[in-house]
Amino acid sequence: MRRLVLGLALSALVPQAVHAQRRVLAFGLSMGASVATLEASGIRLDTTSTKFVFVADSVPLPTPWIDRYYLTITPGAGLCKVMGQGWIHEDDSSGTDLRTSFKTIRLGLEVVSGYGAGERIDLLQDGAQWTAPDQWMMSVNARERALGEIWPADSAGRLSSDVHSMLLRVNAISADAGDVSLSYEGNNFPRCLTEIQAQSNPGS
């Protein structure tokens with residue numbers, strides 16, 4: 001009974017797109033889709049301060065713990081990256097609550113969704129300045145520490161053919177607040193980067 005309750009709790013946290021059908025990833029969105037195609041499907045896209053990055057008001061297969069969805073879409077490559085950002089954990093300088101949330105979501109992806117273990121990322125730079133237990137979030141914010149897990153495209157065929165990788169990671173927005181994000185990069189992501197770089201350096 002205890003295992004059943006844990007399984008139900010975890011299944012509520014993992015992406016429904018993965019849980020329902022492994023071939024349908026990126027929260028039900030298809031890589032390469034244009035802004036016009038996505039809007040025609042009923043998804044409203046709002047621009048952000050970053051060119052080619054939009055906020056979607058909805059996705060076909062949402063995930064309960066994710067608060068906002070960011071889509072990178074360029075004119076030539078179309079949709080090439082989707083990032084779901086979780087709710088913000090505040091007053092958590094030690095990162096205790098955030099790390100607990102990360103581990104629960106990671107377990108859901110590995111066990112409930114059947115992805116198995118990805119490539120763990122748990123790094124602290126040599127000579128890091130922020131190393132005290134109550135400075136854990138500050139070390140992430142200062143990019144001295146990284147915590148995440150990545151599933152590359154060759155993960156035993158677990159990713160759909162248009163997805164290059166899936167990344168679960170911890171992010172910091174201040175010295176005592178952060179969130180967990182889940183992102184998918186498409187096989188067309190390098191083409192996206194080329195367009196973004198060309199836009200940033202029009203004279204090069």
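The values are calculated or read from the model by the stated rules, or taken from the named source; none is laboratory data. None of the values given here were measured: they were computed from a predicted structure. Note that we place each Cβ from the backbone using ideal geometry, even for glycine, and neighbour counts take in every protein chain shown.
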Would you mind finding the one in 166, 137 that is outside any loop (DSSP other than H, G, I, E, B), within 14 Å of the chain's Cα centre (by Cα) and surrounded by 14 or more Cβ atoms within 10 Å (Cβ to Cβ)? 166
Is segment 32-44 home to any residue that is hydroxyl-bearing (Ser, Thr, Tyr), within 16 Å of the chain's Cα centre (by Cα) and on the phi < 0 side of the Ramachandran plot? no
May I ask you to verify whether residue 109 is touching a residue at least 24 places away in the same chain (Cβ under 8 Å) and part of a strand (DSSP E or B)? no
I'd like to check which helices (runs of 4 or more DSSP H) are fully inside segment 1-99 and have at least 1 residues that are surrounded by 14 or more Cβ atoms within 10 Å (Cβ to Cβ) and modelled with pLDDT under 95. 2-11, 16-20
